[in-house]
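One structure below.
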Amino acid sequence: MVRTACLLGVVAALLAGCAKPPEMQPDLMAGASIDTMSTGSINPIAMSLRTAYQPMPAIPSALFGKLAGRTVTVSESGPLGLQPGEIVLTFDDGPRAGTTDSILDTLDQFGVKATFLMLGSAAERYPSMVREVAARGHTIGTHTYDHVDLSTLSNHEAIAEIYAGQQAVAAALAPDSIAPSRFFRFPYLAQNGVIRTSAVESRFIVLDVDIDSKDYYAETPQQVLERTLARLDEHGSGVVLFHDIHLRTVAMLPEFLKALRERGYQVVTLRSSGGGVFDGPVITADASSTGSEI
């Protein structure tokens with residue numbers, strides 16, 4: 001694909017010390033073939049793996065207290081102002097048929113909204129799934145076109161990669177006359193000061209991570225669940241990172257949300273406002289929602 005390049009001036013000298021991407025591992029399942037999807041991959045799920053991890057059975061919503069919290073509208077990069085006990089659910093690298101749709105069902109069951117940071121290449125492969133995420137009221141952000149470690153690129157190349165991802169997600173949403181939010185996350189969380197500054201000055205809202213579930217490691221759903229809850233309890237609040245391309249994440253999500261309710265957490269919905277990316281009109285997937293401006 002020919003990617004659109006955005007001509008931006010160099011804002012500062014390139015800073016040293018880039019974050020090193022974590023080693024990605026496949027989904028490993030006892031008694032089943034290996035799911036070779038790693039973070040950033042967009043290969044379709046093998047049909048033979050669909051039953052390897054089964055989500056929890058549907059639980060009547062009446063059994064749950066109020067897990068959904070307030071809606072916060074964000075206008076710029078920086079602290080979200082979360083209160084103790086408030087979390088934001090985020091899912092990177094999707095969408096993907098067979099996992100994203102299952103995650104949407106679970107989120108609906110618990111009555112909470114999430115932010116999906118989508119790859120442009122995945123949006124091109126599954127455009128109808130992009131629109132389904134928006135139709136269910138979730139916020140859609142972007143995550144570059146092809147999950148490249150931007151810290152290894154020049155500033156110009158990095159911004160072109162960010163912009164290509166945003167354009168592909170926007171194209172998938174265009175038939176419904178909506179556009180992605182301004183939220184953006186760096187692949188592998190790898191960045192440097194120059195590229196981050198360029199992204200912010202291009203009107204993206206960089207969404208950082210407080211609790212990394214590391215659901216891309218070859219572990220069981222229970223291990224992911226226990227680690228994520230332990231880190232969340234240690235922080236007390238924050239932005240939680242999952243990936244909606246892994247079967248283990250599909251399997252553990254109902255138990256994770258149930259545990260949140262039992263611990264008294266509330267899930268905050270994020271929306272963006274204020275200007276557009278590259279001077280284009282940008283709105284959240286659910287423009288009817290309102291919240292506190294921060």
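Couple of notes before you dig in:
- Check on LYS258, at pLDDT 95 or above, of a type in the set (Lys, Arg) and over 17 Å from the mean Cα position of the chain (by Cα): yes
- Within the stretch 205-233, considering residues that are among the hydroxyl-bearing types (Ser, Thr, Tyr) and closer than 29 Å to ALA135 by Cβ, the one surrounded by the most Cβ atoms within 10 Å (Cβ to Cβ): TYR216
- ALA123 buried (at least 22 other Cβ atoms within 10 Å of the Cβ), farther than 22 Å from THR99 by Cα and touching a residue at least 12 places away in the same chain (Cβ under 8 Å): no
- Every residue from the stretch 172-194 that is closer than 15 Å to HIS143 by Cα and in a helix (DSSP H, G or I): ALA172, PRO187, TYR188, LEU189
- Filter result for SER202 (under 25 Å from VAL130 (Cα atoms) and touching a Cys at 6+ places or on another chain (Cβ under 8 Å)): yes
- Filtered residues of the stretch 177-197 (kept if buried (at least 22 other Cβ atoms within 10 Å of the Cβ) and in contact with a Phe, Trp or Tyr (Cβ under 9 Å, 6 or more places away or on another chain)): ARG182, PHE183, PHE184, ILE195
- Among the residues of the stretch 86-125, those that are more than 28 Å from GLY236 (Cβ to Cβ) and part of a helix (DSSP H, G or I) comprise THR100, ASP101, SER102, ASP105, GLY120, SER121, ALA122, ALA123, GLU124, ARG125.
- Count - residues of the stretch 195-242 that are outside any loop (DSSP other than H, G, I, E, B) and either within 20 Å of PRO84 (Cβ to Cβ) or under 14 Å from the mean Cα position of the chain (by Cα) (or both): 17
- For the residues ARG231, ARG203, the requirement of being closer than 25 Å to VAL74 by Cα and touching a residue at least 40 places away in the same chain (Cβ under 8 Å) singles out ARG203.
- Within the stretch 234-255, the set of residues being surrounded by fewer than 22 Cβ atoms within 10 Å (Cβ to Cβ) and without any contact (Cβ under 8 Å) to a residue 60 or more places away in the chain comprises GLU234, HIS235.
The values are calculated or read from the model by the stated rules, or taken from the named source; none is laboratory data. All figures in this text were calculated on a predicted structure; none of them were measured in a lab. For neighbour counting, all protein chains shown are included, and Cβ atoms are generated from backbone atoms with ideal geometry for every residue, glycine included.
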